[in-house]
């Protein structure tokens, strides 16, 4: 067996794959010390391959280690979040031949309940001890107490309140561009619940487990501090050749229309440590770059898909206004999959769609990534019952927006 190069996570410590029958063994899962999934019929066993570098990646079965079953290898290839591979009319015939050959390697008598898993021993929990006292600042309790932030403490990008310069008068909407040519879009933040501190009021829209929150209800951010360099993230690493191979053609096509990719977008997609940082915290949402696409709001504008929910319930796009401004928008429509509905063979719009299909959600890619990662890490901290005193200053400042000041100690 060969070790699959995943970093340890809450789901498993190690993952091994047999290079002959492709059986998977996981070590250190939440329920099993050793987990050995058994035989699965070939036509429902394989997930579709996915990579930005292969337009027809979904035609192929993902065979682990950045390869398809038919032998195509790309450094960015992974299994698709969209589900299974087989059963589609355009499935790769060579992948099917390989899938059948691998299935034949499992003897009939070893297919049902043959691979036995080893249950994990109960893990001791502090709260099960007789003398356990619940910390007053344990995340997840309704009466949480936050540590007082020192006046000379580190400055965060989370503001205590919006200043007049940052306040928006266009309530519920945001504009991209200037003057009469500006695009005016309904606006909200689509994020996690962060229960119990930000309960969902069931008044807004939902996109799977992402919920729409009015912009004036989420912590205000110092938008001017996002200069496109991701300084708050730390070392972002060097550009990856196989990622610049994705962004360079998009940038070249945009240049023909007089547009350019912002530096923060290029950094998020291509830099070693930033690449797929949203995926690692995204609860199933993942990076998927495609474009440029004509905007259904203004044919002179362009959009670039860069992030989507695993079931495409919501997708995030970089919106590039023809005047040079940009923002992050979201939609429950996959504009990469329905070009024929909106555009004729000459590329002109043949059916103008209302702007409510697209929603403004962040002024920049870096600002979007910051809020998304902060909320994802807060959600994980609440789930793991971490203590507020152990939170990074950025997380603590963000959570303080939802915790009454009277709860501070």
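Assorted remarks:
- The one condition from (1) buried (at least 18 other Cβ atoms within 10 Å of the Cβ); (2) over 15 Å from the mean Cα position of the chain (by Cα) that residue 285 does not meet is (2).
- Looking across 148, 155, 123, 115, one residue alone is loosely packed, with under 14 Cβ neighbours inside 10 Å and touching a residue at least 24 places away in the same chain (Cβ under 8 Å). It is 148.
- Candidates 200, 213 - the one that is at pLDDT below 85, touching a strand residue (DSSP E or B) at 6+ places or on another chain (Cβ under 6 Å), surrounded by 10 or more Cβ atoms within 10 Å (Cβ to Cβ) and under 23 Å from residue 308 (Cα atoms): 200
- Any hit, the stretch 197-214, residues being in the same structural domain as residue 336 (by TED's automatic domain parsing), within 21 Å of the chain's Cα centre (by Cα) and assigned to a helix (DSSP H, G or I): no
- Considered as a group, the residues in the stretch 71-94 that are assigned to a strand (DSSP E or B) and touching a helix residue (DSSP H, G or I) at 6+ places or on another chain (Cβ under 8 Å) include one that is surrounded by the fewest Cβ atoms within 10 Å (Cβ to Cβ), and that residue is 84.
- Yes/no for residue 103 being modelled with pLDDT under 85 and assigned by TED's automatic domain parsing to the domain that holds residue 19: no
- Residue check, residue 226 at pLDDT 90 or above and on the phi > 0 side of the Ramachandran plot: no
- Of the listed requirements (1) buried (at least 21 other Cβ atoms within 10 Å of the Cβ); (2) assigned to a helix (DSSP H, G or I), residue 297 misses just one: (2).
- Filter result for residue 110 (modelled with pLDDT under 90 and assigned by TED's automatic domain parsing to the domain that holds residue 216): no
- Residues of the stretch 215-260 satisfying the condition of being assigned to a helix (DSSP H, G or I), in contact (Cβ under 8 Å) with a residue 60 or more places away in the chain and in contact with a helix residue (DSSP H, G or I) (Cβ under 8 Å, 6 or more places away or on another chain): 223, 243, 246
The values are calculated or read from the model by the stated rules, or taken from the named source; none is laboratory data. Model, not experiment: these values are computed from the prediction. FYI the Cβ positions are ideal-geometry reconstructions off the backbone, even for glycines, and counts take in every protein chain you see.
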